[in-house]
1. Filter region B:82-136 for residues that are within 14 Å of another protein chain (Cβ to nearest Cβ), small (Gly, Ala, Ser) and farther than 17 Å from A:Asp247 by Cα and give the result.
2. Name the residue, out of A:Gly414, A:Gly445, that is buried (at least 20 other Cβ atoms within 10 Å of the Cβ), more than 7 Å from every other protein chain (Cβ to nearest Cβ) and of a type outside the set (A, V, I, L, M, F, W, C).
3. Got a number for residues in region A:362-386 being crowded, with 23+ Cβ neighbours inside 10 Å and free of Cβ contacts under 8 Å to residues at least 60 places away in the same chain?
4. Of the residues that sit in region B:152-166 and are surrounded by fewer than 21 Cβ atoms within 10 Å (Cβ to Cβ) and part of a loop (DSSP other than H, G, I, E, B), which one is nearest to the other protein chains (Cβ to nearest Cβ)?
5. Quickly run through region B:204-216 and pick out the residues that are closer than 15 Å to A:Ala425 by Cβ and facing chain A (nearest Cβ under 7 Å).
6. Would you mind telling me which numbered condition in (1) facing chain B (nearest Cβ under 9 Å); (2) modelled with pLDDT of 90 or more; (3) surrounded by fewer than 24 Cβ atoms within 10 Å (Cβ to Cβ); (4) assigned to a helix (DSSP H, G or I) A:Arg389 fails?
7. On the given criteria, is A:Ser359 of a type in the set (Gly, Ala, Ser), in a helix (DSSP H, G or I) and out of contact with any helix residue (DSSP H, G or I) (no Cβ under 8 Å at 6 or more places or on another chain)?
8. Is it the case that A:Gly115 is at pLDDT below 90 and of a type in the set (Gly, Ala, Ser)?
Amino acid sequence: MKLKILELFGFLVFAGLLVPLKASSQPADQAAILHVLNRLAYGPRPGDIEHIMQIGLERYIDEQLHPDGMAMPDALTQRLAALSQGEMTQADLITTYRRVIKAAMEDGTGGAPGGGLAIRNALYRKMAIHFGELRLVRAIESPRQLEEVMDEFWFNHFNVVAGKGLDHVLIADYEREAIRPYVLGKFRDLLGATSKHPAMLFYLDNWLSAAPSADARPRIAGTKTEISGLNENYARELMELHTLGADGGYSQEDVTALARMLTGWSFDPRFAGTGSAFRFVPRLHDFGDKVWLGRAVPVKGEAEGEWALDVLAAHPSTAHHIAFKLAQYFVADDPPAALVDRLTQQFLTTDGDIRAVLSMLFASPEFRDPANYGSKFKTPYRFVVSAVRAAAVDVKNVRPLLATMTRLGMPLYGCQSPDGYKNTADAWLNPDALAQRISFATALGLGRIPLGKLVDDDLANDPYAPAAAAANPSSEGAANGVYPPPDFQALLATLGGQITDRARSRIASAEPSTLRAALVLGGPDFMRQ
Amino acid sequence: MNRRQFLRGVSAAGAGTISLGPNSWAKALATDTATTRRLIVVFLRGAVDGLNLVVPYREANYYRLRPRIAIAQPGDDDGAIDLDGQFGLHPALTPLLPFWRQGSLAFVHAAGSPDPTRSHFDGQDNIESGTPGNKATRDGWLNRLEGALPGDPALRAAPTRAISIGAVVPRVFLGSNRVTTIASGATALRPSVLDRPAVNEAFASIYHDDVRFGGAFKEFVAARGDVMTALEDPEMREANNGAPPSYAFAGDAVRLATLMRLDPRVQLGFLAVSGWDTHANQGGAKGQLANLLTPFAGGMAALAENLGPVYQDTAIVVISEFGRTVAQNGNGGTDHGHGNVMWLMGGNVAGGKVHGEWGGLDDGALHDGRDVPVTTDYRTILAQVCERHLLLPDTKLSEVFPAMPEQLAPVRVIKG
């Protein structure tokens, strides 16, 4: 038996007795409810604990696993509709990008206002804020919290970075088309959708990859890049990161073979129309014989890649890799091996049905084990989102939140490498990080962050630069768009037993009293997940 | 020992530590040679293309396999800058030439990790853990080194002894010995809310006995005092104003170097630069890689310059997880390879030389028929830096690098 050493939790204190859950007719205990809210959701909003006590924990979990059955509040639906107004098609996004880049390359002004470079930079900033709003409004407000938590998980797993070329404009389209529809569905569908989306094909260079014998075109329209041979980048990461895992049982030869199988999986930069710009380009495809993972590959053009995805999606190493990551994300930084094994089997027997795997995970004794309550350390993303949820702020200006995530080392859509962000304490906990979080919590608790300010067309500020108000709460410039400070009593009621009795009494007696809300959101108990 | 145990340990040790500031140690250090020696590690994440940095311009295969991205011969337009008649420097690295000529810059070619992985993540892990091929290692060699180095014990417990620039503690610095992180960019100098006494006291009261996070909180406060004292020094302000804001590395390098110069207790430093994974459209003397190298070279020169007199006692090591393919790929870029170039700079470095066992780039000499082989294990270079420069006792080397390989070829990168 693997003995989990948690000497740091020798005197873990949570309010209430810890009764293992059996039937939903038993009163659900608060500690278990908080645990579920901190794992399946981004922490409690006001009233969440009471709501779950009323409907029962099993029903809550079941609802979250079937989000389509949950009504979205009208206000949220309207807000999302307003945000999506004027959303460009994939074709328009690519065309706009190419046009803007061409003008930027020809800009002789060196970045003067109105010049090509300035316009390009303004486009990038506008997109960054737009993407941030689309994601954060949902993460904060949506009742379908598990869907949001899984959207984050899968985006991270199939990471693309906003900062690379064409992906500056494609992030929202990628998330909407290739991630969101499948987050609780079949893994094979996620694999298929991401492998064909121009954002991924661009990010990992597969759109340029060609058989060595292919008709070499001098360049892809709008770029200076030649196509005259194989590029292994996507094939490698598809096996190493998306499916089998680094030790999943493949060789360098397999990387090369898979890259050859995927030649031709590209997109048409000149596509004009609705729908996807994905194109299988036969001219680029390597129709030669290949051997991959010990199998002779029938020569079939585009179908070779589809077959590869079928094989990868059903591979035991993939099942184990995904099971491990899910167990780490939901249970513990060092996930219990027995749980990972059972989830692996579940993945295989259900053909990669994510809902079925999660259903088993949430019902497992490991997930329900009180020793795992509060055992994770919130990532910067989760810390910021959970703080805003707990404080029930109606966020209209997401820029300070984006800036805080950047300052904490986790810029939204900004992970440069395809392996995505980690979610372990080792990765994120260090003294400076703690101080930065306290800084944010203090600004939020003092009501100094202009979260209520509507984002206007003034794009003079870099959304990724630290917001002055958040960094220095004594600044006077935070007058507009600032809400009254959150009430610390309301925060304590929202968070229930997450804030321990010892902390509560210190907070309630802290001076000046204006700091109390900050102490709730910046204190050690709120750092725990 | 894992990070949680580390934090608990620090929480116990940190209580009651009074920070006396850097100047009070100056006298003690004047007589303690071991602790005046410093090390800075710069990690180029993404597998930088070493063949285009230190160019083997006499190799026919270099030009045959890189028709569009090779650097031309010395003397040609945009040609490499000749170093020693066999290798040349990428023209973008011109700012480093004075150090080469003065004899304080050295390279080791065909160096790297013996593990054949071409995965960035495993590759970086191999370099940073110090135990290539062994994934069970939880800490990093730079953290183990911190614990193994000799010197005054009180000095060794200084909060600023080990500094990492960036929001996240890198793998190489994970472990039971304390590391102070300083944010990248000029925000490092901004006042923190915790500098205000009322806020500090309020948070201290809820953190001080928290078993999990209390240690990290105390560590921040302890290090903060020292870091801010140094960072508020007028010299530091001046240095910081001079750093180009548009390129993060240069600013961070200047800040780290100035901090080391002003605070004698700062002994180990770490910086990382990403973006070197040039799979497509790499360019040659000009283009994508060159555009990355130009500001990087400026930053490295600024790092050395801002160390001032401390440069003589510092070793700077630049390393990447592995190299890139000798041949260019189908998109004017390169794919993941094996052997790469390590750089060393500093007063004790046997500079003005390209070290290592160079076997040429003929087809038969290539690793897997495609890559530069590894003929010098990176650990043997680091071991020399640790033993000959930092004066790590022989007996302690295995603590830092367990399972060290036998050094196959004598490569002497540290003088004396």
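The values are calculated or read from the model by the stated rules, or taken from the named source; none is laboratory data. Keep in mind that this is a model prediction, so the values were computed, not measured. Counting neighbours? That spans all protein chains shown, and the Cβs are built from the backbone with ideal geometry, glycine included.
1. B:Ser129
2. Being buried (at least 20 other Cβ atoms within 10 Å of the Cβ), more than 7 Å from every other protein chain (Cβ to nearest Cβ) and of a type outside the set (A, V, I, L, M, F, W, C) holds for just one of A:Gly414, A:Gly445, which is A:Gly445.
3. Adding up the residues that qualify gives 3.
4. The extreme case among them is B:Gly166.
5. Those that are closer than 15 Å to A:Ala425 by Cβ and facing chain A (nearest Cβ under 7 Å): B:Asp210, B:Val211, B:Arg212, B:Phe213, B:Ala216.
6. Result: A:Arg389 fails condition (1) only.
7. Taking the combined requirement at face value, the residue does not satisfy it.
8. yes
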